[in-house]
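S.K.: I have a structure here, written as structure tokens, and I will follow up with some questions on it.
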Amino acid sequence: MIRNDCLHFRGDIPCKPHKETGVHCDACSHYAPVKKQILIIKLGAIGDVIRTTPLLHRLRKEKPGAEITWITESPDILPAAEIEHILDVSIVSIEWLKARRFDWLINLDKDRLAISLAASIAAEKKSGFTMDDYGRCRPMASPAEAEKWITGLWDDANQANTKHYMQEIFEICGYDFQDEPYILEDGKAGTIGWDIDLESRVIGLNTGCGGRWTSRLWPEDRWTALASRLKAEGHEVVLLGGAQEHEKNRRIAQASGVKYLGHFDLKTFINLVNQCDVVVTAVTMAMHLAIGLKKELVLFNNIFNPHEFHLYGRGVILAPEMDCDCYFTPVCPNHCMETLAVDTVLTETLRLAAKGTPS
């Protein structure tokens, strides 16, 4: 007897129960029948992928025995223990999906690849976004889907929205959000000996924001001043960033005397963020890593709706100290982030650093 409907069954190689005990299907006590086949399409960006993981908690609760497949451009960030099939965006993955039929397809992206997959992959039920007759994005059917679609079309509708991202995607799936946390693994926990004083409160300063939305950048001299003053308060300060911030972080470290340990691959960077007690950052991947790792967060925001972000009660959102119309603008014509004062950021960072004990 071959039980190909079992969650453990692989089809081409031995399953885990067989490898561990030598058991075959006909005498296996680990048999777990697949009750639902669910496909999640959430391709990118990486921060959006991370903040979609709370949905896994509810799917596991509401759909016991479900086999979950997730296709994404960031497969390494997903929790392997919670997802049966994590797929990269490749021709092999796409062809495999198109040859299958799912009980429930959930597409939470609006780009061309995502909506074409949603339209072409067979499923009994579909939620989220698909493709219209002109090859453009359209919502499936529900009011929640239509609402999320409209907020992406018009800036005024987006600005009027008071729901955060997790509320929106949970409603699209027919659920109410109940503060389900991100699922984020630190796969290198305890394996790296960082030159960091963990007896002190560790403050991570993430000084970049990527190249697309440079309107979010806080001036380098402000980062230097903040780093110097936090160090003077007795805190361990670590500069965070990628290759794009490398030279800037070297300059800040030299001018302020704080630590810059370099830029790293994703998993190592996650571990570095996990050494911090407080993270100060603009809206970036580091923001989502900090939330997922349950760190206190000082979040800079000037071009997005602040209601979009849910910090789980562990942080504060700071805006420029001037009114500016740079909403969803890649380059701010008024350089409004220059009006966010170092004193303001310092006060909030010290307040959050005073909570709890060092990591």
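S.K.: Could you pull out the residue among L311, L297 that is at negative phi, surrounded by fewer than 18 Cβ atoms within 10 Å (Cβ to Cβ), modelled with pLDDT of 95 or more and among the aliphatic types (A, V, I, L, M)?
M.R.: L311
S.K.: Among the residues of region 83-136, what is the count of those that are touching a residue at least 60 places away in the same chain (Cβ under 8 Å) and in a loop (DSSP other than H, G, I, E, B)?
M.R.: Within region 83-136, residues that are touching a residue at least 60 places away in the same chain (Cβ under 8 Å) and in a loop (DSSP other than H, G, I, E, B) number 6.
S.K.: Related question: Taking region 242-259, which residues are within 24 Å of the chain's Cα centre (by Cα) and surrounded by 16 or more Cβ atoms within 10 Å (Cβ to Cβ)?
M.R.: Once the filter is applied, which keeps residues that are within 24 Å of the chain's Cα centre (by Cα) and surrounded by 16 or more Cβ atoms within 10 Å (Cβ to Cβ), region 242-259 yields G242, E245, N249.
S.K.: Among (1) outside the structural domain of P320 (by TED's automatic domain parsing); (2) among the hydroxyl-bearing types (S, T, Y); (3) within 21 Å of T281 (Cα to Cα), where does Y134 come up short?
M.R.: (3)
S.K.: Follow-up question, since we're still on this one. Name every residue in region 153-196 that is among the small types (G, A, S) and not in a loop (DSSP other than H, G, I, E, B), in order of residue number.
M.R.: A157, A160
S.K.: In region 26-42, which residues are part of a loop (DSSP other than H, G, I, E, B) and surrounded by fewer than 20 Cβ atoms within 10 Å (Cβ to Cβ)?
M.R.: If the condition is that a residue be part of a loop (DSSP other than H, G, I, E, B) and surrounded by fewer than 20 Cβ atoms within 10 Å (Cβ to Cβ), then C28, S29, H30, Y31, A32, V34, K35 are the ones that fit.
S.K.: I'm trying to understand the selection: among the residues of region 197-207, which are touching a residue at least 60 places away in the same chain (Cβ under 8 Å), in a loop (DSSP other than H, G, I, E, B) and under 25 Å from the mean Cα position of the chain (by Cα)?
M.R.: R201
S.K.: Would you mention how many residues in region 183-218 are within 30 Å of Y327 (Cβ to Cβ), surrounded by 14 or more Cβ atoms within 10 Å (Cβ to Cβ) and of a type outside the set (S, T, Y)?
M.R.: Qualifying residue count, region 183-218: 12.
S.K.: Wholly within region 244-359, which helices (runs of 4 or more DSSP H) include no fewer than the required count, namely at least 2 residues that are in contact (Cβ under 8 Å) with a residue 24 or more places away in the chain and closer than 27 Å to T162 by Cβ?
M.R.: Helices (runs of 4 or more DSSP H) meeting the threshold: 285-292, 342-353.
S.K.: Working carefully through the options K63, K42, K35, find the one that is among the basic types (K, R), within 11 Å of L108 (Cβ to Cβ) and modelled with pLDDT of 95 or more.
M.R.: K42
S.K.: Further question on the same structure: Report yes if G210 is under 18 Å from the mean Cα position of the chain (by Cα), assigned by TED's automatic domain parsing to the domain that holds L346 and outside any helix (DSSP H, G or I), otherwise no.
M.R.: So G210 passes the test.
S.K.: Going by what's in this entry, would L239 be described as part of a helix (DSSP H, G or I), crowded, with 17+ Cβ neighbours inside 10 Å and either more than 26 Å from the chain's Cα centre (by Cα) or without any contact (Cβ under 8 Å) to a residue 60 or more places away in the chain (or both)?
M.R.: no
The values are calculated or read from the model by the stated rules, or taken from the named source; none is laboratory data. No experiment lies behind these values; they were computed from the predicted model shown. Positions of Cβ are backbone-derived with ideal geometry, glycine not excepted, and every protein chain shown enters the neighbour counts.
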